[in-house]
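The next block holds one structure in the form of structure tokens; read it before the comments.
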Amino acid sequence: MADLQNMRNIGISAHIDSGKTTLTERILYYCNRIHEIHEVRGKDGVGATMDSMELERERGITIASAATNVMWKGNEINIIDTPGHVDFTIEVERSLRVLDGAVLVLCSVAGVQSQSITVDRQMKRYHVPRIAFVNKCDRTGANPYRVQKQLVEKLGLNAVLLQIPIGLEDKIKGVVDLISMKALYFDAGVAEDQMREAEIPAELLAEAVAKREVMLDSISMCSDALMEAMLEETVTEELIREEIRKATIALQLVPVLMGSAYKNKGIQALLDAVVSYLPNPGQVVNKALDLDNHEQEIILPSDENLPPVVLAFKLEDGQYGQLTYIRVYQGKVKKGDELFNTRSRKKFRVGRLIRMHSNNMEDLTEAGCGEIAALFGIECASGDTFCDPKLNYSLSSMYVPNPVISLAIKPVDKKAADNMGKALNRFTKEDPTFRSYVDPESNQTIIQGMGELHLEVYVERMKREYKAEVEIGQPEVAYREAITERASFNYTHKKQTGGSGQYARVAGYIEPLPETVEGEDPKDYVFSDEVKGGSIPTEYIPSCDKGFQMAIKKGSQVGFPVLGVRAVVNDGAWHPVDSSDQAFQTAALNAFREAFEKAKPVILEPIMKVEVVAPTEFQGSLFASVNQRRGIIISSTEDHAMCTVYAEVPLSEMFGYSTTLRSLTQGKGEFSMELSKYGKVPQSVSEQLKLDYQEKRRKEQK
């Protein structure tokens, strides 16, 4: 059990390909956790330690966040390496929810990219203090100064350089530390992995002095103590480090360091900065809601003697059953302890308690305050709170974005269907942004997720991990049908087959329902009984209603439900022997179909309310992309160099839009959509839909 003062919980997050996993691999190496370094896309085919999934090694990307634990100069650091792709954004979200600090990795050539903006937004949502690390300073075109400027302009952070590079691109040798005013070289020792201090090269001295002044000015804006010391000229290294730490934890400052993870430069200095400037678990305010006391907010002190409060933030289905990643916020968890799940209201005993190192496990007897550990064989959901049975607290769960894309999947045979069911069950439990359901209209299994890559990875995992071969198809759009004019009907149903027959006559009309007033729930169907003089007995009136309700389930145009119809019965006839409930249902059903053809039916399609957000420079492209998709732009707003376009676009035109939007906006745009209303389909589309439906019917009849 580590001392709370000497513990750090950090996440490493950034845009795709900024070098997060490569950086984590170096941290593991310098902390003696691994004894040789492997590359993400290395020639040896081993792959990085934190990318333990076979798919991750093949594609060279991180799909699931992985946890590990290292020691650096007597300090225990829990690290979570997170994915960069926007499709796996929930992995970053759930990691930042439980971390006390983060390292934001940026590429020294590309600078602040789209996912850096998203990650920064997530860090701000959970008030996570961060250090920025400008990686890849060995690349052609590297410019850490430009990246620092972008951190200020694009993310609105008070980013302060604590180092300047000694040489750039292929000439990078090390960095100058502006606090101690020493040059740090990373090339000493037999294995060339030590860090040595030296005097600053003469040609960089003037620049280092100037940059140190800028650094001190920026820090003094957040610190009165440093400002006084500068005026009295009594600035010490300890004071600077202390004030940087205070300002970083208060989210007023972001220290910027630099190096090259691939070339093993700057890693030890970054580890020192993590220990020096990021908070320990006791310096972060964590709150819970007391469910027994009107959800009153309670601050959880990091005290091991109090009853335990724990958050389950990630689930994984391992070979030995469900693995639940937990973060202890208060008290400590021991093997054999009884805990209470405040959501499911069930108690359970802690069996096996482990610490993860990528996909390897180490058994623990207890996990103290601030620790990140994992439990085996517990039935729970992502985001559940476990407490001592005496308490009834709930920790706020994480933000889960809505899925934006869906696919239809079909198993190839019976065995694949069983395996697909198991896989979907597990994936939907593990990943709150991945959802699946069976569409009652088309009977297709639909999966939904955050992007095409997200669904592609899950389909691939079904094949590999569950041997479930599935075929992928476009999901059907849920069209609707409606009428545009009033049409009468007068239908007689007669059937005589020996014994009592069937007889019923129904007359009346159908008409479109008036448009609903804003704020009222739209009505799909209304039935009116205007029969006079008992031409249809009272007991058969509900049968007519049932018949109409059956008829509107499937229109004759494209076989989808009918919306917005008022059916009126005003006349009819019956027979004392041959009339029955069934006879009137059948008569009403056929009467409706007869009138429907005369009422000038139209096909309606779902119109989505779409909100697209991207930097202002892409505004023209956004407008064009919406117009090309038969969309109508309602309004657009601009705020802090970002523009938001609100539009109404048919759902059938939105498939594949996430990919189009990313390529149009260099990956910086994102969109969300929800159902707004149903609108009439254009004539050309309507004709095509009818032809497709007739073709489908012909195939079914064969």
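The values are calculated or read from the model by the stated rules, or taken from the named source; none is laboratory data. Note that the structure is predicted; figures quoted are calculated from it, not measured. Positions of Cβ are generated from backbone atoms using ideal geometry, with glycine treated the same way; all protein chains shown enter the neighbour counts.
Would you check which residues across the stretch 410-443 are surrounded by fewer than 17 Cβ atoms within 10 Å (Cβ to Cβ), in a loop (DSSP other than H, G, I, E, B) and not aliphatic (A, V, I, L, M) and list them? Residues satisfying the conditions are ASP413, ASP439, PRO440, GLU441, SER442, ASN443. Considering THR659, THR637, the condition of being loosely packed, with under 14 Cβ neighbours inside 10 Å, closer than 21 Å to SER406 by Cα and of a type in the set (Val, Ile, Thr) is satisfied by THR659 alone. Residues that are part of a helix (DSSP H, G or I) and touching a residue at least 40 places away in the same chain (Cβ under 8 Å) were ranked within the stretch 540-556; the one that is farthest from HIS575 (Cα to Cα) is ALA551.
Scanning the stretch 395-408 for residues that are farther than 25 Å from VAL649 by Cβ and among the aliphatic types (A, V, I, L, M), which turns out modelled with the highest pLDDT? Ranking the qualifying residues of the stretch 395-408, first place goes to LEU395. The residues on offer are VAL577, VAL569, and the sole one that is out of contact with any helix residue (DSSP H, G or I) (no Cβ under 7 Å at 6 or more places or on another chain) and in the same structural domain as ALA504 (by TED's automatic domain parsing) is VAL577.
Restricting attention to the stretch 255-294, the residues that are in a strand (DSSP E or B) and within 23 Å of GLY370 (Cα to Cα) add up to 5.
Given the structure, is LYS287 farther than 20 Å from GLU76 by Cα and either among the acidic types (Asp, Glu) or over 28 Å from the mean Cα position of the chain (by Cα) (or both)? No: the conditions fail for LYS287. Does MET258 satisfy the criteria of being in the same structural domain as LYS171 (by TED's automatic domain parsing) and touching a Pro at 6+ places or on another chain (Cβ under 9 Å)? Spelling it out, MET258 is indeed in the same structural domain as LYS171 (by TED's automatic domain parsing) and touching a Pro at 6+ places or on another chain (Cβ under 9 Å).
All of (1) in a helix (DSSP H, G or I); (2) touching a residue at least 60 places away in the same chain (Cβ under 8 Å); (3) β-branched (Val, Ile, Thr) hold for VAL626 with one exception: (2). In summary, strands (runs of 3 or more DSSP E) completely within the stretch 295-356 and bearing 3 or more residues that are touching a strand residue (DSSP E or B) at 6+ places or on another chain (Cβ under 7 Å), touching a residue at least 40 places away in the same chain (Cβ under 8 Å) and not β-branched (Val, Ile, Thr) occur at 309-318, 321-330, 338-341. Per this entry, LYS20 is counted among residues that are of a type in the set (Lys, Arg), at pLDDT 75 or above and surrounded by 23 or more Cβ atoms within 10 Å (Cβ to Cβ). Scanning the stretch 463-483 for residues that are in contact with a strand residue (DSSP E or B) (Cβ under 6 Å, 6 or more places away or on another chain) and either at pLDDT 85 or above or not in a loop (DSSP other than H, G, I, E, B) (or both) yields VAL470, GLU471, ILE472, GLY473, ARG480, GLU481, ALA482, ILE483. Restricting attention to the stretch 357-381, the residues being touching a strand residue (DSSP E or B) at 6+ places or on another chain (Cβ under 7 Å) and at pLDDT below 75 number 2. Under the condition of being more than 30 Å from MET462 (Cα to Cα) and of a type in the set (Gly, Ala, Ser), which residue from the stretch 296-341 is surrounded by the most Cβ atoms within 10 Å (Cβ to Cβ)? Step by step, filter the stretch 296-341, then rank; the result is GLY331. Pairs linking a residue in the stretch 591-613 that is free of Cβ contacts under 8 Å to residues at least 60 places away in the same chain and under 24 Å from ARG662 (Cβ atoms) to a residue that is of a type outside the set (Ser, Thr, Tyr) and assigned to a helix (DSSP H, G or I), with Cβ atoms under 9 Å and 6 or more positions apart or on different chains, are VAL612/LEU622; VAL612/VAL626; VAL612/LEU661.
Table: residues versus (1) out of contact with any Pro (no Cβ under 7 Å at 6 or more places or on another chain); (2) closer than 22 Å to VAL477 by Cα; (3) touching a residue at least 12 places away in the same chain (Cβ under 8 Å); (4) not hydrophobic (A, V, I, L, M, F, W, C).
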| position | (1), (2), (3), (4) |
| --- | --- |
| THR428 | yes, no, no, yes |
| THR433 | no, yes, yes, yes |
| TYR437 | yes, yes, no, yes |
| ILE446 | no, yes, yes, no |
| MET450 | no, yes, yes, no |
| HIS454 | yes, yes, yes, yes |
| VAL459 | yes, yes, yes, no |
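As a summary of the residue check, GLU617 satisfies the conditions (1) surrounded by 15 or more Cβ atoms within 10 Å (Cβ to Cβ); (2) over 20 Å from PRO403 (Cβ atoms) except for the one numbered (1). The single residue among LEU270, LEU251 that is surrounded by fewer than 18 Cβ atoms within 10 Å (Cβ to Cβ), in the same structural domain as HIS127 (by TED's automatic domain parsing) and either touching a residue at least 60 places away in the same chain (Cβ under 8 Å) or among the aliphatic types (A, V, I, L, M) (or both) turns out to be LEU251. Would you confirm, using the coordinates I've provided, whether SER276 is of a type in the set (S, T, N, Q), closer than 29 Å to ARG241 by Cβ, assigned by TED's automatic domain parsing to the domain that holds LYS171 and in contact with a helix residue (DSSP H, G or I) (Cβ under 8 Å, 6 or more places away or on another chain)? For SER276, the condition - of a type in the set (S, T, N, Q), closer than 29 Å to ARG241 by Cβ, assigned by TED's automatic domain parsing to the domain that holds LYS171 and in contact with a helix residue (DSSP H, G or I) (Cβ under 8 Å, 6 or more places away or on another chain) - is met.
Checked against (1) part of a loop (DSSP other than H, G, I, E, B); (2) more than 30 Å from LYS494 (Cα to Cα), GLU638 passes all but condition (1). Can you confirm whether TYR646 is at pLDDT 85 or above and either in a helix (DSSP H, G or I) or within 30 Å of GLU153 (Cα to Cα) (or both)? Answer is yes for this residue.
Looking at SER676, is it in a helix (DSSP H, G or I) and either surrounded by 15 or more Cβ atoms within 10 Å (Cβ to Cβ) or touching a Lys or Arg at 6+ places or on another chain (Cβ under 7 Å) (or both)? When the stated conditions are applied, SER676 does not pass them.
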